[in-house]
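Below: one structure, written as structure tokens.
The values are calculated or read from the model by the stated rules, or taken from the named source; none is laboratory data. These numbers were taken from a predicted model, which means no experiment stands behind them. Neighbour counts run over all protein chains shown; Cβ positions are idealised from the backbone, glycine included. Note: accessible area is taken over every heavy atom of the protein model, side chains too, but ligands, DNA and RNA are not part of it. Shrake-Rupley method; radii C 1.70, N 1.55, O 1.52, S 1.80 Å.
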Amino acid sequence: MAAGTEPPGQELAGKVAVVTGAATGIGRAIAAELALAGASVVVADVRGAAEAGRSLADAGAAAIGVATDVTSPEALAALAAATAEAFGGADILVNNAGIFGTLEFRPFTEIPLAEWHLVMDVNVLGCFLAARALVPQMRERGGGRIINIGSTSQFKGTVGLAHYSASKGAVAGLTRALARELGPDGILVNQVSPGFTISDGVAKHLESFAVMHARAAGARVLRRDMVPSDIVGAVRFLAGPWAEFMTGQDLVVDGGAVFH
Ligand SMILES: NC(=O)c1ccc[n+]([C@@H]2O[C@H](COP(=O)([O-])OP(=O)(O)OC[C@H]3O[C@@H](n4cnc5c(N)ncnc54)[C@H](O)[C@@H]3O)[C@@H](O)[C@H]2O)c1
């Protein structure tokens, strides 16, 4: 679709978007925004996917929820099959599922090995496996978009969250490698890196984030808390016709703390 030919406000009409980790938080806001832009939406989450899909459908969107653990190739194969059955296949994948809000700040010497692996599995392997499961559908449909959700922790090197910072650095490398590999197929791969955001996951554990929360707004040019709705515009842009000559990029959305 050439930029400017789509109906106003419905630039994703006819497109199918899969959003992982979309039952809550930032992912839920992204799923709602892509639906608003006219996309059919598949909510994929390890918890609460069916309810979130139903709630989008009740609001008038073409949406389903599919229980999916992004660390499981079998679950992702089932997600791809459910997407094909409901809507014919995926055009857009937003890799948003992540482990963040439940993490405790610890010296790196005290991070349990199991927690290191969990963070890497969900935050990095999950993006890799979801792309592997859905890229064949994008190729069949003549192109697509992958948008990975990174974090400004990759730039800041958040003390106490060495595993999380490393995982988001790995996502940035994956974004670039997939952008080069998939460009010839018309599949554009970009990333959005949010700053500290008061998502559902963070709000539930705000006491663990007290120091980060206290510093966040003051470190920004735009001095206020960041919320999930602050991120959705960048994702919608990268999913749509106005970003059709853009790939391998990382858009920082954080109110002007990190200039990238
Ligand atoms: N909140 C922040 O400050 C912040 C900042 C930068 C980046 N991010 C990133 O944004 C994304 C969303 O974060 P959030 O704050 O909205 O978190 P959240 O905890 O509110 O939501 C995360 C969602 O991912 C799902 N999930 C967890 N493991 C999964 C798995 N194995 N398979 C499928 N789904 C799984 C959870 O069920 C949940 O619905 C994450 O990638 C996070 O790293 C968050």
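Observations, loosely collected:
- Residue within segment 226-240 that is farther than 18 Å from VAL18 by Cα, of a type outside the set (S, T, N, Q), out of contact with any Ser or Thr (no Cβ under 8 Å at 6 or more places or on another chain) and more than 10 Å from the ligand (Cβ to nearest atom) present: no
- Residue in segment 227-240 that is part of a helix (DSSP H, G or I) and farther than 20 Å from ALA31 by Cβ present: no
- Count of segment 50-88 residues, restricted to those that are small (Gly, Ala, Ser) and over 23 Å from ARG141 (Cβ atoms), is 7.
- Of the listed requirements (1) open to solvent by 40 Å² or more (accessible area, probe 1.4 Å); (2) of a type in the set (Val, Ile, Thr); (3) touching a Pro at 6+ places or on another chain (Cβ under 6 Å), VAL221 misses just one: (3).
- Criterion applied to ALA29, ALA23 was being in a helix (DSSP H, G or I), within 13 Å of the ligand (Cβ to nearest atom) and in contact (Cβ under 8 Å) with a residue 24 or more places away in the chain, and the one residue passing it is ALA29.
- Tally, over segment 75-97, of residues that are open to solvent by 10 Å² or more (accessible area, probe 1.4 Å) and under 18 Å from GLY240 (Cβ atoms): 3
- Those helices (runs of 4 or more DSSP H) of segment 92-204 in which 1 or more residues are in contact (Cβ under 8 Å) with a residue 40 or more places away in the chain, touching a helix residue (DSSP H, G or I) at 6+ places or on another chain (Cβ under 7 Å) and near the ligand (Cβ under 10 Å from one of its atoms) occupy 113-120, 126-140, 162-182, 200-203.
- The one condition in (1) open to solvent by 60 Å² or more (accessible area, probe 1.4 Å); (2) of a type outside the set (Lys, Arg); (3) within 12 Å of the ligand (Cβ to nearest atom) that ASP254 fails to fulfil: (1)
- The residue that is nearest to LEU129 (Cα to Cα), among those in segment 54-74 that are open to solvent by less than 40 Å² (accessible area, probe 1.4 Å) and of a type outside the set (A, V, I, L, M, F, W, C), is SER72.
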